[in-house]
Amino acid sequence: MVDFIYTGWGALVVTLLMQIPFLIIFFSIVNKKAFVDNTPAETPAEKYTSTRYLWIAIVLIAFFVVNFASVKYMPTVVEANTKMANVKDVDISATSWKFDMSERNFQVGDTVRFIAKSEDTMHSFALYHPDGELLFTMMLMPGLETASALVHTFDKPGIYMVRCLEYCGVNHHGMRSVITVAEK
Amino acid sequence: MSVANTLIQRAPFFGRMFQIQENELNPVNSWPALMAMTSFVWLSIAAILGLSMPAIQLFDLGSHWYYQNITLHGAAMAFPFAFQLMVAMSLHRAGACLGKRADGILVALTYILMNVGALLLTVAVLMGFHVTYTVMFPLPVVGVMTGQWSMSALVLGFTGIAFVLISMILTYPIKILRMSFFEKKQEELQLAERSMKDPGMIGMVMGVLVLLVTGIPLLSIASPILLYLYGIIPAEWIAWAATPVVFEFIFYIFAHNLMEAMAIMIIGAVYATLPLCTADGSRRLYSDKIANLALWILLVTSLTSFFHHFFTMYPALPSTFAYHGNIMSYGTAIGGALTIFTILATIWKHGLVATPAVFLILGGFVMYILDGVTAIVISNVAWNFKLHGTVWAGGHAMSVLIAISMLWMGMLYYHYPLMTNRTIDDSTARKCIKYFFLSFVGLFYTFLAAGASGMPRRNANWEGDWLIYGALLGVFGTILIYSFYLYFASLRNSKALEF
């Protein structure tokens, strides 16, 4: 369940969970005070104050929960939870409009650290699951001494698509490659 | 007749919307009316270009057209439309609330630099300078080296960008600061007195200060690069400024805060206008103190939340900056939450007069909050690695621009009788609001769903299921254009005020 939350579609679900209550409350109040009864409300001052504190408390709790639960999915924590002795390092060099990779063929269960640099302009290295889900993207800024790097464990065989997601010129859409993952 | 009034009178189609009577209020009305009118010319161009992009993809007309149109569309929407409309309305508000002239050399320079700059950039893009409105440095230089566009297109494009930046970072903020603190008050120009303690005025001053403070470093690195391109200084003198990491960080500190400044300014404008539309005639917010607190929280947290643009550079971006950007981004939402409370509490306490102006303003505010949720979601480090570079991020940028524009367009409805001595066509305006909101919701959720599915932004090859999202964007984009047409019609069909 939590794994789903921190995917692209999970982000949309959480977004809707925040937006829908806001829309209902906002339109109810506007409708009531613009069309049903627009006379001044005789709500006591303390009620406004308690509502304000409750509202801010709800927002703070929601933000704390969302961010705290996400810690497990941050790259530093993913790396810390990985047995680095078994990790395969793959060096990637991105230039307009291709990826040079030191290794493109893996097996299910392989844990790979993708270490990527750009040689000319802004690029990214985005890895797509065979079912189309975007697994992660790394921004590659040219001229940096430290390369971008992420660890990923392959869980399913198939053809994984690699795309550049940072606009990099007139053939940006053509900058892609594939990684093949075989059964163990 | 003033230069501004003459230009308005001679403008085909749009001129009729903004005809200004020659009277003692001309120093407040003329230039803002000219700027608003010109911004709508750019909006018309940007809207057609926006609609062309799904069409180019659906009918496979070629990537050249797609990248050309996406660059022109983004640049026209963000700067000569949205920003210029904000300049127009804020100058008008400052003039009428403080009793200061909204004309003079700084205003004329802002207008000329913004529009000439945008025209030069347009010509450069038509010459092949397809860099998108975020420039993507060092792409402009790499593009010349790899034969994607010419050096003359680069020089022309950078000149246009420099003109636009000078108007946004120097001439406009300085004019607002002069009006707020220094220029002489003229009683006959002051129509609704406000002090600098008023949340509406504080929001405006915060906004221009952010532009000035975060923009000057960008001008400082862009100027030597431009001087080198003109052949005035040697290449070795600009090595410090042309390093991609230097340029990108300075650029995003400004670009991120430009959007935040526009948001702070429009929230201030809502705080100023909503009390004027309350049913009990109290002309008060629920609480000025809470309104001001929300603005200060938005200001302080937004300044350093720009790190969220670089999360996916890990570990090149140290984790501490990523966490800082994550926390600050959620901090902006606390300012947003307080703003929601203030606005709803004001409506609840004082009631609301249902006019098209207030509904367009509230509609824009709802859009702004809906978009804000998507912004904080993508500002979480874990989600950012799944969404950055997708249509989710592009949709967020477009949605916030549409929301801010809708708020200013609502504000224009409110200011319109004062500006032109005419009243808008009420029934067309109400129709416009319905279509505007419908199209926004359609576009917004299509962008989010496309982003969630991993659809890349700024990509001329929408494959498979992504074409369905493209078709939906085309449908809702058409409705949005229709709502713009209705908006224009509500101004063109305006009637003279009867006294």
Taking Cα atoms only, helix B:199-229 is inclined relative to the longest principal axis of chain B by an angle, in degrees rounded to 10, of 30
Long-range amide H contacts for B:Thr132: which residues qualify at under 5 Å (H placed 1.01 Å from N, peptide plane, sequence gap of 5 or more or a different chain)?
B:Thr71
Within chain B, helix-based [θ] at 222 nm, where runs of 4 or more DSSP H residues each add -39,500 (n - 2.57), nearest 500:
-24500 deg cm²/dmol
If you take the charge dipole of chain B about its Cα centre, with +1 on Lys and Arg Cβ and -1 on Asp and Glu Cβ, which of B:Pro80, B:Gly231, B:Thr355 is farthest toward its positive end?
B:Thr355
Only Lys, Arg, Asp and Glu count, each charged at its Cβ (+1, +1, -1, -1), so figure out the dipole size of chain B about its Cα centre, rounded to 20 debye.
620
Ignoring GluC sites (Glu not before Pro) that are buried or in helix or strand per DSSP, and keeping those with at most 13 other beta carbon atoms within 10 Å, what is the longest stretch of chain B between them?
B:194-462
D for the stretch A:31-184, whole µm²/s, Stokes-Einstein with Kirkwood Rh over alpha-carbon pairs at 20 °C and 1.002 mPa s: what number?
113
Aspartates and glutamates with Cα under 18 Å of B:Lys185, excluding same-chain neighbours fewer than 8 positions away
B:Glu24, B:Asp103, B:Glu193, B:Asp198
Under a point-charge model restricted to the Cβ atoms of Lys and Arg (+1) and Asp and Glu (-1), what is the dipole moment magnitude of the stretch A:2-73 relative to its Cα centre, in debye to the nearest 20?
60
If we count every other residue with Cβ under 15 angstrom of B:Leu293's Cβ, Lys/Arg +1 and Asp/Glu -1, where does the sum land?
+1
Each residue of the stretch B:62-75 in order: what ³J(HN,Hα) in whole Hz does its phi give by Karplus 6.51 cos²θ - 1.76 cosθ + 1.60, θ = phi - 60°, with x for Gly and Pro?
x, 5, 4, 5, 5, 5, 5, 6, 5, 5, 5, 4, x, 5
Reference-scaled alpha-carbon Rg (2.2 N^0.38 Å with N residues) for the protein assembly as shown
0.96
Given H placed on each backbone N at 1.01 Å, which residues far from A:Ser148 in sequence or on other chains put an amide H within less than 5 Å of it?
A:Ala116
Using modelled amide H (1.01 Å from N, peptide plane; none on Pro or chain starts), what sits under 5 Å from the amide H of A:Asn171, excluding residues fewer than 5 places away?
none
Given the options A:Val87, A:Pro157, A:Val66, identify the residue whose Cα lies farthest towards the positive end of the charge dipole of the stretch A:62-162 (+1 on Cβ of Lys, Arg; -1 on Cβ of Asp, Glu).
A:Val66
Which of B:Lys197/B:Lys349; A:Lys32/B:Lys431; A:Lys32/B:Lys386 exceed 30 Å between C-alpha atoms? The answer is A:Lys32/B:Lys386
For chain A, find the longest principal axis of its Cα atoms and tell me its angle to the long axis of helix A:45-70, 0 to 90°, nearest 10.
10
Please determine, in degrees from 0 to 90 and to the nearest 10, the orientation of helix B:319-350 with respect to the longest principal axis defined by the Cα atoms of chain B, where the helix direction is its Cα long axis.
20
Considering the options B:Cys432, B:Ala242, A:Thr7, tell which one lies farthest towards the positive end of the dipole of the protein assembly as shown, charges being +1 on Lys and Arg and -1 on Asp and Glu at the Cβ, about the Cα centre.
B:Cys432
Calculate the dipole size of the stretch A:83-182 relative to its Cα centre from +1 charges on Lys and Arg beta carbons and -1 charges on Asp and Glu beta carbons; express the result in debye to the nearest 20.
160
Under the Karplus curve 6.51 cos²θ - 1.76 cosθ + 1.60, θ = phi - 60°, whole-Hz ³J(HN,Hα) for the stretch B:382-389, x wherever Gly or Pro sits:
5, 5, 4, 5, 9, 10, 5, x
Straight distance only, please: which lysines reach the Cα of A:Lys83 with their own Cα at less than 18 Å, same-chain residues fewer than 8 apart left out?
A:Lys72
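Any read-out appearing in this document is the output of simple, stated calculations on the displayed coordinates, not a laboratory observation. The model shown is predicted, which means the values in this text are computed figures rather than measured ones. Methodologically, a virtual Cβ is constructed for each residue, glycine included, from the backbone with ideal geometry; neighbour enumeration extends over all protein chains shown.
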